[in-house]
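Values in this text are rule-based calculations from the coordinates and carry no lab data. Keep in mind it's a predicted model, so treat the numbers as computed, not measured. As a convention, Cβ positions derive from the backbone with ideal geometry for all residues, glycine included, and neighbour counts pool all protein chains shown.
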Amino acid sequence: MNLQKSLLFNIEKLVGTLKDEEELKEVLKRKFTKKEFKVFVAMEEKKDIKEIATLINDEESRVEELYKSACKKLNQEKIKKELIIRD
């Protein structure tokens, strides 16, 4: 999975250049809950919602809520600042 492409797709307004893949993964692990991180990664890998629900032992509707929550967090200024390279 290309994390940079996924983030660029989900972030509405980004000023700056995203960090490399490993650094992005570390930031997301810190800012998302464990389930939000698993769901975000699985959804971006185009896995089926039923499969993701089984993976996290939860309902399909909860998977959708977690994904929306993760996308909402990505668009917070505080998190966007941590995702970009600062000069």
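For region 29-48, residues that are in contact with a helix residue (DSSP H, G or I) (Cβ under 7 Å, 6 or more places away or on another chain) and either among the polar types (S, T, N, Q) or surrounded by fewer than 16 Cβ atoms within 10 Å (Cβ to Cβ) (or both) total 1. Beta carbons closer than 6 Å, at least 6 apart along the sequence or on distinct chains, pair a first residue in region 42-63 that is within 18 Å of LYS25 (Cβ to Cβ) with a second that is part of a loop (DSSP other than H, G, I, E, B) for GLU44/MET1; GLU45/MET1. What are the residues in region 49-83 that are exposed (fewer than 13 other Cβ atoms within 10 Å of the Cβ), basic (Lys, Arg) and farther than 21 Å from LEU8 by Cβ, if any? The answer is LYS50, and nothing else. Does LEU8 count as farther than 17 Å from ILE79 by Cβ, among the aliphatic types (A, V, I, L, M) and surrounded by fewer than 17 Cβ atoms within 10 Å (Cβ to Cβ)? No: the conditions fail for LEU8.
If the condition is being of a type in the set (S, T, N, Q) and not in a helix (DSSP H, G or I), then region 47-87 contributes ASN57, ASN75, GLN76.
Selection of first residues in region 11-25 that are surrounded by 15 or more Cβ atoms within 10 Å (Cβ to Cβ) and of second residues that are of a type in the set (S, T, N, Q), restricted to Cβ pairs under 7 Å at least 6 apart or on distinct chains, gives the following pairs, ordered by first then second residue: ILE11/ASN75; LEU18/GLN4; LEU24/GLN4.
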